[in-house]
1. Sort 813, 863, 679 so the one with the fewest other Cβ atoms within 10 Å of its own Cβ comes first.
2. Report which label in (i) 50, 49, 23; (ii) 98, 32, 21; (iii) 83, 28, 26 holds the value of semi-axes √(5λ) of the Cα gyration tensor in Å derived from the coordinates of this structure.
3. Using the alpha-carbon atoms, what tilt in degrees (0 to 90, nearest 10) does helix 656-666 show relative to the longest principal axis of the chain?
4. If each DSSP helix of 4+ residues adds -39,500 (n - 2.57) and the sum is divided by the residues in the chain, what number results at 222 nm, nearest 500 deg cm²/dmol?
5. Suppose we take every Cα in the range 612-857 and form the convex hull; what volume per residue is that in Å³?
6. Separation between the residue 420 and residue 688 pseudo-spin-labels, each 7 Å from Cα along Cα→Cβ, expressed in nm?
7. Expressed in nm to one decimal, what extension gain is obtained for the pair residue 221 and residue 622 from 0.36 nm per residue of sequence separation less their Cα-Cα distance?
8. With r as the distance between the Cβ atoms of residue 541 and residue 743 and R0 = 30 Å, compute the FRET efficiency 1/(1 + (r/R0)^6) and round to 0.05.
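Readers should treat all values here as calculations from the given coordinates under stated rules, not as data from a laboratory. The structure displayed is predicted, hence computed values, not measured ones. Cβ placement follows ideal geometry from the backbone for every residue including glycine, while neighbour counts extend to all protein chains displayed.
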């Protein structure tokens, strides 16, 4: 991610969006959650951030970093700029042996003088005492913590008047050395605190200090430097109780040496304690009868383990031992002219303190503060309501989960953060769960609940004994594949979505509609409304989604209905019976609506069982091919044959009438057709290599192939794989092809014809589109269906029809094959009608390969 490294604190690439930084932050909106490449990231708004460092402490992934002035400090030293350093007293406590070495090295590379900030802390103590003495019975909040000042200025402007107007020890030192010692160098603060950068840059501090050099970055900079030969002591030394300022309560200990017992001084170590509320210590400033002074430091261990401290280089135990040494030293000494000598009375100590700083102008060490508070806009309640709705929080319970996974204490705060743009609803873990559940239970195309939710709600009806009040309808859109072919899949999806929307409008509140996949739906309807809803579904009209067609699409459905009696114990039982009824409409083209009964179940089970067996039968080589000869009438010689598939199931021959319709419905007929074509090419190859002269073999191809634009190429690929002459193969197309597939069929035939492969129209006379096909498609062969042939002997009118069909075929330069010819009388009549070829039991039944091979060697049939 792009780092905003001009921010004091910034997020690096290790952020995983765990929200710990939000939970630890006292400022709403300082952390902003957003999604980047599908991953939640939390970035910092530097305008709101108070640089308290909580996020660095709470982040367990090392995703937060900060910048200070360490690099600028060393760069300017190298360029020869005049720089003095002010050293935080915590530096000597945290690194008692290393600190003098580092300071010695810094002096060796150009630092001109070293000042101990504890000297400024003593001046700050004097200034606090002077202010509080001159303003009796005045309490307030002390300000040495820069993060606290940031917090007050940005978040609690109402408490700014209670922030005591005294400079920090650092600034007191800087004022002292510049005003009274004449130091004009740039000053670099050796600092335990990230937020000191803000104090240094603040207009209210007048540019007294130029660099914030944190302990951690300083030690990292010098990690490869041998410091063993260096040593330096401060030029401006510590001289009193300022040394213990970095401790929690260190300022309290100093003030208590000089103030009367009427003051209550309370040390605190969490900025969140200043949040408004009855439990906030800030309320004591208003409610207490005695003056209260709050000493608030952001860090639990004060500046000793501040946000800029390299904590691997020091331990709390070692720090505390060093602190006790300092306390003991000052308890036994008469430092600062007795100002901090506990053997003296409070009045004597105060007199000595004032005497020590009698030449200082206390006003120089006083400061003002600037309000930087941004008034948040008032969030309308309807906005919160809208966000809760988007988060799927629609109940009081869901709005008060308050799990804090988002980083906020309450769901309400999270909603407010979303409203303000600090966060996104995706960052709510419960929303993610609810949204994932919604996506899991909702169809993305129609927006309807899906099959999973249908099962769940049906389970509820069963459990609550309400099942018998409803009927179930399983339906789909008839011939939806043609809609997809016509307007494309995107257009088909739009049709589904609009159909679902209009279908949903037909339902009453207690009824439900589910999209279970493809163009299939299940509706749970009141029993008395089933007929009305099914009728209405069958009369839905939609505007076509195809830009080229400004017309309506009239949709019709197939529907299976099941009416539970209340004894059903499993949803699967209901679904299976629904599908059984629905399958009946698929097998019976004249029945679009079917209601379940026991006979339906038996038929459907048979169909489903066989549809499962066919693929395995292919794998097990249970299918074989037979050949029915085609005989040229004029010469009574074999001129061709039709390859027909048969199924040997464990020694029992299954009729094609049983498995072909099922394979058509399941689509596996495509594999069967190519199985036959490949097998025929294999046999032709064997016969040619054996010197047997073959005849043209015709192979049936289902209408399902013609939704595929590459079908002609795939046919040629099989033939060419076996290197079979193209004129030995003929492709038979059924006459009952949908008219919508004619364009694909036409293009396929043209490609086959260019490849030298002939085509025939099969079963002519058995469907409704015969003449249309002849008009629009250029077949080589016309095959008269057996149902038409069987009528010509007893029926003069039928004979006239067949006579004219044959004549028409001749005019179209087509050969004519009569199928199903079984009698001599029919042969004689067809000869009279000038029919070219006969196929039927009169000459030969479908022959197994060995017998057909014999026929190839003896092609002539006796008269």
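1. Values: 813 9, 863 4, 679 17.
Least crowded to most crowded, the residues run 863, 813, 679.
2. Label of the calculated value: (ii).
3. That helix lies at roughly 30 degrees to the long axis.
4. Here the helix-only value at 222 nm equals -12000 deg cm²/dmol.
5. On the way: hull volume 32.5 nm³, N = 246.
Per-residue hull volume (Cα only) is 132 Å³.
6. My value for the distance between the label points is 8.2 nm.
7. 136.3 nm
8. After rounding, the FRET efficiency stands at 0.75.
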